[in-house]
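Worksheet: one structure, shown below.
The values are calculated or read from the model by the stated rules, or taken from the named source; none is laboratory data. The structure presented is a predicted model; accordingly, all values stated were derived computationally and were not measured. So basically every Cβ, Gly included, is an ideal-geometry build from the backbone, and we count neighbours across all protein chains shown. Calculation scope for accessible area: heavy atoms of the full protein, side chains included, ligands and nucleic acids excluded. Shrake-Rupley method; radii C 1.70, N 1.55, O 1.52, S 1.80 Å.
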Amino acid sequence: MSLCPAGGGRVEVPRSVTAVLGQDVVLPCRYRAQEQEQVVQVTWLKRGPGAAAAEVAVLNPQHGEH
């Protein structure tokens, strides 16, 4: 998993997360922002071997989540 922060902070995520089909999974993510920086959106992508990235979730304070 990766994120391209525009403000230059640091993202900390595990290299991989294991999920069980049909069960909930927690996608841990910690973002260490620089001073005066504000996070405006978080997007999770699923990347499989040889497959294009698929959007899993988007969290946006103005537009909600989907």
Q: Test Gln23 against the stated conditions and say whether it is exposed (fewer than 12 other Cβ atoms within 10 Å of the Cβ), in a loop (DSSP other than H, G, I, E, B) and modelled with pLDDT of 90 or more.
A: yes
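Working only within the stretch 32-66, note down all residues that are outside any loop (DSSP other than H, G, I, E, B) and open to solvent by less than 60 Å² (accessible area, probe 1.4 Å).
Of all residues in the stretch 32-66, those outside any loop (DSSP other than H, G, I, E, B) come to 32, 42-46, 54-60, 64-65.
Result: Val42, Thr43, Trp44, Ala54, Ala57, Val58, Asn60, Gly64.
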Q) Which residues, taken from the stretch 18-37, are under 24 Å from Gly48 (Cβ atoms), of a type in the set (A, V, I, L, M, F, W, C) and over 12 Å from the mean Cα position of the chain (by Cα)? A) Ala19, Val20, Leu21, Val25
